[in-house]
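The values are calculated or read from the model by the stated rules, or taken from the named source; none is laboratory data. Quick caveat: nothing in here was measured; it's all calculated off a predicted structure. Cβ atoms come from the backbone with ideal geometry, glycine included; neighbour counts cover every protein chain shown. All accessible areas refer to the heavy atoms of the entire protein, side chains included, with ligands and DNA or RNA removed. Shrake-Rupley method; radii C 1.70, N 1.55, O 1.52, S 1.80 Å.
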Amino acid sequence: KAKQDGRNTYHHYDESLDKASENKFKMLQLLRPALSEQQFELHYQPIVELKSGNINTLEALLRWPQPDGSMIPPDLFIPLAESSGLINELGSWVVRQATQFCAQLRQQGHSDIRIAVNLSVMQFKDGQLQRTIESALYEAGLPPEALELELTESLLIDETEQIQKQLASLSKLGITIAIDDFGTGYSNLGYLRNFNASKLKVDRSFISPLCFSEHDESLVGAIINMAASLGLKTVAEGIEDDETLQKLLSLGCDIGQGYYWSKPLPENALIEYLLNRNTLSGGF
Ligand code: C2E
Ligand code: MG
Ligand code: MG
Ligand code: MG
């Protein structure tokens, strides 16, 4: 009896595992055609200078809309694109698409707007990254200063030398580098200087509880001060309300991003958002 129970348990476990890997496998098979059939979209979220309220940068975020109207979130399909080797092609598409959109906005009068693109560390492995980026900028007619690259802190621990060399070369061109999700890894700020970063994006998990705990407040305050002493600007991710915004201003935070201003929006909605903002503030 015990033996049979054991086998049943095993069988059950096996089945759910099968289900999970079957779903993964299905998604994997759909990824490549999705890319060649242009099913992916980029949405854009404003990044705001807290004191002036100016939008200086837009972060490009990948979306994979489904026939039923739902969206597969990037946290699900990007790891699959990485493990299947598709991430380089997908990442190149993102850079080309985002730079084209940035150029379009500049032509429409948003002459200083910049674009931020998330990179996977896998994209540093084939030695093609700089060429891909340079040709995207050239084709869009954008200066390198229009582009920011975001790299997740916790992923910068492996193969650092290879990444550091490429980042040094990219930042020499005028492209800026931001460390994403700061606080989720274990690196100290001094170490991060080796990546030529000019910005630190403090992870949302530190920002949302900011109004509730003094501990979080002094932690974020310390990060902002240390970053400033190293010449880095701090970006707070995930600002959702005015209370959090005021707190961050009082802590000396430079830049923010979050639903308080806008969720990531498709191209047309973002253009409309920028126009409304300029009308409200009597802008250009
Ligand atoms: P991330 O780069 O840290 O992007 C910020 C995430 O926080 C986005 O999630 C954004 O929608 C969300 N967010 C922004 N403001 C708020 C807020 O006020 N409240 C809440 N609750 N969430 C907020 P999203 O779009 O689901 O992207 C998840 C992650 O997927 C990104 O995190 C990034 O690491 C990755 N990702 C997205 N697009 C790309 C891409 O083109 N390439 C690569 N390699 N990774 C990407
Ligand atoms: Mg990011
Ligand atoms: Mg982040
Ligand atoms: Mg992230």
- Message: Of everything in segment 51-72, what is of a type in the set (A, V, I, L, M) and open to solvent by less than 30 Å² (accessible area, probe 1.4 Å)? Give them in sequence order.
- Response: Leu58, Ala60, Leu62, Ile72
- Note on the structure: Checked Leu105, Leu129 against criteria (of a type in the set (A, V, I, L, M, F, W, C), under 19 Å from the mean Cα position of the chain (by Cα) and under 17 Å from Glu148 (Cβ atoms)); the one match is Leu129
- Task: Identify the residue in segment 191-211 that is in a loop (DSSP other than H, G, I, E, B) and within 14 Å of ligand 2 (Cβ to nearest atom) and, among all such residues, is surrounded by the most Cβ atoms within 10 Å (Cβ to Cβ).
- Result: Ala197
- Test Ser21 against the stated conditions and say whether it is farther than 29 Å from Tyr273 by Cβ, in contact (Cβ under 8 Å) with a residue 24 or more places away in the chain, of a type in the set (Ser, Thr, Tyr) and open to solvent by 40 Å² or more (accessible area, probe 1.4 Å). no
